[in-house]
Amino acid sequence: MRTITITGNKPAELNIQGENDPRIAYIKKALTRKILTLLDEGLEWVIVAGQMGIELWTCEVVIELKKSYELKLGVFPPFLEYSSRWPESYQEQFEQISLEADIYKPLYNKKYEGPYQFINKDQWMIHKTDGTVILVDEEYPGSVQYFLERAKKAHMESDYPIIWITPMDLEDIVREEMDHQDFY
């Protein structure tokens, strides 16, 4: 896979209330591991819409990895002023990421008009990528359920790869970190 999209839950869906929540570090570690594995297999691009949560944290991980690896980041929000209703800290994070991305281009050159923009964004992401990495608890998918449904349909129709990061994967990382801390 040369180009992937990475998505998942928003912070509130993960019960993460602030940028200093220690769980974010574990999520970023899981994302880093998955991206590094894919880099070894030929990954060149990560593209996202830039939604709060998993996608913004993915962008931060990719920006950090770009310092050592040949990797590019594309941010394609579904419409103009995508982050305008977000909390200020997330708006600032989105703005910074949009400046550091290799490509930043809203899919619609107009403000929000309706849900069709999100539907088309999901379809565009699937069409433009070779697969997806998704960090989600399938029992409680939250807003990412719509993308997940479309990705599963693409998987059934054309074997579109879905790579999972599950709550169990995150628990394993937490355990490893705790074991590592106990060792020292």
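Within region 93-101, can one find any residue that is part of a loop (DSSP other than H, G, I, E, B), in contact (Cβ under 8 Å) with a residue 24 or more places away in the chain and either surrounded by 15 or more Cβ atoms within 10 Å (Cβ to Cβ) or touching a Pro at 6+ places or on another chain (Cβ under 6 Å) (or both)? Checked against the condition, which is being part of a loop (DSSP other than H, G, I, E, B), in contact (Cβ under 8 Å) with a residue 24 or more places away in the chain and either surrounded by 15 or more Cβ atoms within 10 Å (Cβ to Cβ) or touching a Pro at 6+ places or on another chain (Cβ under 6 Å) (or both), region 93-101 yields at least one hit. Within region 98-128, which residues are under 19 Å from residue 54 (Cβ atoms), out of contact with any Phe, Trp or Tyr (no Cβ under 8 Å at 6 or more places or on another chain) and of a type in the set (A, V, I, L, M, F, W, C)? Scanning region 98-128 gives a single hit, 101. Here region 1-32 is the region considered, the condition is being small (Gly, Ala, Ser) and under 12 Å from the mean Cα position of the chain (by Cα), and the residue that is farthest from residue 177 (Cα to Cα) is 8.
Residue-wise test of (1) part of a helix (DSSP H, G or I); (2) of a type outside the set (D, E, K, R).
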site	(1), (2)
29	yes, no
32	yes, yes
61	yes, yes
69	no, yes
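In region 77-91, the condition of being of a type in the set (Ser, Thr, Tyr), in a helix (DSSP H, G or I), surrounded by fewer than 18 Cβ atoms within 10 Å (Cβ to Cβ) and without any contact (Cβ under 8 Å) to a residue 12 or more places away in the chain is met by no residue. Quickly run through region 109-129 and pick out the residues that are assigned to a loop (DSSP other than H, G, I, E, B) and either surrounded by fewer than 16 Cβ atoms within 10 Å (Cβ to Cβ) or in contact with a Pro (Cβ under 6 Å, 6 or more places away or on another chain) (or both). Residues satisfying the conditions are 109, 110, 111, 112, 113, 114, 115.
Since every read-out is calculated from the coordinates, none of them should be taken as a lab result. Just so you know, these numbers come straight off a predicted model, no measurement behind them. FYI the Cβ positions are ideal-geometry reconstructions off the backbone, even for glycines, and counts take in every protein chain you see.
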